[in-house]
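To start, the structure under review is shown below, and the notes come after it.
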Amino acid sequence: MTRIPHGAWPSPISAAALAQAGVRLGEPRYDGADLYWTQGRPAEAGRVALLRERDGVVAEVAPELNVRTRVHEYGGGAWDVRDGVVVVSSHPSGQLLRLDADGTHPLTPEGESWRYADLRVRPELGIVLAVREDHSQPGEPVNTLVVLRLNDRNADGGTVVAEGADFYACPEPSRDGRLAWTEWRHPDMPWDACLVRVGRLGVSATGAVLDGVRTVAGGPGESAAHPLWRGRELLFCSDRSGFWELYGWDGEGVRQLTDAGADLVEPFWVFGRRPYALTGDGSVVVRPRIDGRSAPMLLTDDGYRALAPDVVDCDSLDARGDRVVALAQFADAPDAVIELTATGRRLVDRSSPPSLEPDAVSVAEAITWPGEAGEVHGWFYAPRPSSLVELVETPAGDPDLPPLVVISHGGPTAFSTAGFSLAVQFWTTRGFAVLDVNYSGSSGYGRAYRDLLRGQWGVLDVADCIAGAQALARAGRVDGARLAIRGGSAGGYTTLRALTTSNVFAAGCSRYGIGDLAALASDTHKFEARYLDGLVGPWPEASEVYAERSPINHVDALNCPMLILQGAEDAVVPPNQAEAMASAVAAKGLDAELIVFEGEGHGFRKAETIRRALEAELAFYARTFGIVLPG
């Protein structure tokens, strides 16, 4: 019997099947007995559909609408519902629409000047609260909190009730007329320093006004986030203890409600996520991140009580009465929207049907290794053959170890999870090993770990990825001569930087990655306009550091092939970065392949793009590593 080498195993997961297989689930939320959530659909050019389950029947609320916003470019929070009144942001126009039993009603003028996110519908007041991003004037857009009338076209774009800060989020009205929200200013990112503020909201037929504004929490060195009213008490999270724990404010003082040394929230990259929820009796459901994993848990006097022990990661939460809904990840099955009650658990929706036999699933193994700044965290996925592969016992001394694909996540202030990913299984079922690195600076391990990357981006993240790959090679788990690194956005920068500062990796794939830090500092969107001040140094004062850490300036050190995948309409990392990097690599005579996808932005949404990108990456590794692919 001929032994099939690692990397050449036939796999039941084709690139086309992966691209078409699933949807991106998001933002599950109750409205009375009804349950709503979103589906991002690659097969429909990435359109985001809003679904509702009513009396056991699931239907799309606004067929053909793309429920999406481009506030902060990353979006989220593009819809809300209360008492049957739904308000959505329609992409690409950015127009707000009210959807109710009487039909569809425009709430704002059509056009790109005003964008809206983090909606809060309040029919009892006749209003919807929103974060507005105003692009009507040249220069940096202006962000404010606005009140819009539910029975009006709001030609003025809404009444501004909070302005002056650079960013706003999470407007939460109370039943007694108060409004809580978060705000932050350049050069801080919301996970660096963010305020929770409260004021008295007055609404009349002629407009709205906010007065008596005061700060509840947050400030230099403290990130306070996600306010939520529990009666007259305001709950919020703060990392003042070193972790994002839960606190309560009664109008006079603040008390700490959790103290487990675990982050209850993640960095605020997108709107719409709800990291904790209140049941009918006022109990709090949270999702603390412990050892890199999170799951829905009930906060009790004695700590936490697990509600779904097999969940390995959990995104948005909501509750109504004794019902809890969560966007859950599992170690061996696709993401799902699940509902938890006192009588058990119900599957509401799944991102894709199970497509692998259980024995073929590679489950994340938590591993650590020493790095330059201390212990580094990551998830290791060993190759797992499907029933399509016939393997004979490996002879003693056989050198056929699996090639390794190292993943550097985006952000960089973000994290990778232990949840099942068909994109990871695409590689492991072919005989590749995968290491998903939560390098120094990743979130989910407390503020001290998150702050390790301050001033060290392009240094510690790169060193951690290199050290992880080398540790696996030394342990005999992967082939040290066939190491590849891949990443998107900030992870793409780490990839490019690793390839131009070391000889450890034999290949690399950058998806919409950053090649020129100086160009990014002077040509990116508002949300991240000052992000690099903390990661690299103030611009332009630290221009020499920017130049030294830009991969585009170190192509002479590159000695391996590179694949670059880029969206033509990327407003976060402009396409000229990819073009400049590819040209510089090609000028050196190395294998440099650049593929630009029309109609794609920062992240690939279309099924055809996802398929083409995966096929190109697989062919690239096969060509580089000398793998003969089946068929």
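The values are calculated or read from the model by the stated rules, or taken from the named source; none is laboratory data. Because the structure is predicted, anything quoted here is derived from the model rather than measured. Cβ: placed from backbone, ideal geometry, glycine included. Neighbour counts: every protein chain shown. Ligands, DNA and RNA are stripped out before the accessible areas are found, and what is left, the full protein with its side chains, is counted by its heavy atoms. Shrake-Rupley method; radii C 1.70, N 1.55, O 1.52, S 1.80 Å.
Results, tabulated for the structure shown:
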| quantity | calculated |
| --- | --- |
| Hz values of 3J(HN,Hα) by residue in the stretch 190-203 - Karplus curve (6.51, -1.76, 1.60), Gly and Pro given as x | x, 8, 8, 8, 8, 9, 9, 10, 9, x, 8, 9, x, 10 |
| Cα-Cα P(r), the stretch 1-93, percent of pairs per 10 Å interval | 14, 38, 23, 11, 8, 4, 0 |
| Along each principal axis, Cα extent of the chain, largest first, Å | 78, 59, 47 |
| In order through the stretch 424-437: 3J(HN,Hα) via Karplus (6.51 cos²θ - 1.76 cosθ + 1.60), integer Hz, x for Gly, Pro | 6, 5, 3, 7, 5, 6, 9, x, 8, 8, 10, 10, 9, 9 |
| Debye intensity ratio I(q)/I(0), log10, the stretch 93-136, q values 0.19, 0.23 Å⁻¹ (C-alpha model) | -0.62, -0.86 |
| Alpha-carbon centroids, the stretch 61-96 and the stretch 356-382: separation in whole Å | 37 |
| Highest average packing first - 49-57, 323-331, 608-616, Cβ atoms within 10 Å | 323-331, 608-616, 49-57 |
| The stretch 99-170: GluC sites (Glu not before Pro) in DSSP loop, at most 15 other beta carbons within 10 Å | Glu110, Glu112, Glu124, Glu163 |
| Residue-normalised accessible area of the chain, given per residue in Å² at a 1.4 Å probe | 37 |
| When the stretch 417-526 is reduced to its Cα atoms, the Kirkwood hydrodynamic radius in Å | 15.1 |
| Global size of the stretch 47-189 as Cα Rg and Dmax, reported in angstrom | 14.9, 49 |
| Expected 222 nm ellipticity per residue - DSSP helices of 4 or more, -39500 (n - 2.57), all of the chain, to 500 | -4500 deg cm²/dmol |
| Peptides 493-506, 617-630 ordered by average Cβ neighbours within 10 Å, highest first | 493-506, 617-630 |
| Computed Kirkwood radius, in angstrom, where 1/r is averaged over Cα pairs of the stretch 566-631 | 13.2 |
| In degrees, nearest ten, helix 490-501 long axis to first principal axis of the chain (Cα) | 30 |
| Quotient of Cα Rg and 2.2 N^0.38 Å for the stretch 230-386, N being how many residues it contains | 1.17 |
| Student exercise, the stretch 1-59 dipole from Lys, Arg, Asp, Glu Cβ charges, in Debye to nearest 20 | 320 |
| Amide H partners (placed H, <5 Å) of Asn143, local residues excluded | Asp134 |
| Listed peptides 184-190, 253-259 by packing density, highest first (mean Cβ within 10 Å) | 184-190, 253-259 |
| The stretch 549-628-the stretch 232-283 distance, computed between alpha-carbon centres (Å) | 41 |
| ³J(HN,Hα), Karplus 6.51/-1.76/1.60, whole Hz, each residue of the stretch 40-46, x for Gly, Pro | x, 10, x, 5, 10, 6, x |
| nm² value of the averaged projected area, convex hull over the Cα atoms of the stretch 112-256 | 9.0 |
| Summed side-chain charge close to Ala586 - residues other than Ala586 whose Cβ falls under 11 Å, Lys, Arg +1, Asp, Glu -1 | -2 |
| Neighbour cut-off at most 12 other Cβ (10 Å), DSSP loop, chymotrypsin sites (Phe, Trp or Tyr not before Pro), the stretch 201-264 | none |
| For the stretch 170-226 versus the stretch 1-30, the gap between their alpha-carbon centres in whole angstrom | 43 |
